[in-house]
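Read through the structure below, which is laid out as structure tokens, and then see the notes.
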Amino acid sequence: MSDQAFNAALCQSGSCAVSAGRLLPQLRDATRRCSHGVLISSGCLLRAHRCHAPGRDSGAYLVVQPCDTDRRPRGAAVAIGPVISDADAAAVTDWLTEGELDAARLEPRLRLIVQLGL
């Protein structure tokens, strides 16, 4: 169980929907074990081209924002994905419940590098 506060947003639209449906119960359980965790079901988080391919399941994506207990952000948000397999889901939920939400502690295959065009 972790005391680290966080908001976790899980994409449940488009090509994420199938994998997100399998991942949601595990994330829900992990969030309940974290006294200050919040799980958010979201629409598309990436707006990437892959997100608009109909009928394509290429894993679910989520963004985790460490925060304080008043929900103010603490540090950088961590983009995660694709979460494809049960092993991926277990790695993400273990990472959440360990309490140190450092991207470097997440399995390298699950670290998503997001480049924003400003």
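Sum -39500 (n - 2.57) across every DSSP H segment of at least 4 residues in the chain, then divide by the residue count to get the 222 nm mean residue ellipticity, nearest 500.
Values: 2 runs with 29 residues, N = 118.
Calculated mean residue ellipticity at 222 nm is -8000 deg cm²/dmol.
Per residue, the average separation of C-alpha pairs within less than 8 Å and at least 6 apart gives the chain a relative contact order of 31 percent.
Radius of gyration over Kirkwood radius for region 5-110, both on Cα atoms: the Rg/Rh ratio is 0.95. Counting other Cβ atoms within 10 Å as a rough exposure proxy, the listed residues ARG111, ARG47 run ARG47, ARG111 from fewest neighbours to most. Legend: Rg and Dmax of region 69-118, from Cα coordinates, 12.1, 35 Å.
Read-outs: derived from the displayed coordinates by stated rules, not from any lab. Because the structure is a prediction, the values reported are computed rather than measured. All Cβ positions, glycine included, derive from the backbone under ideal geometry; neighbour counts span all protein chains shown.
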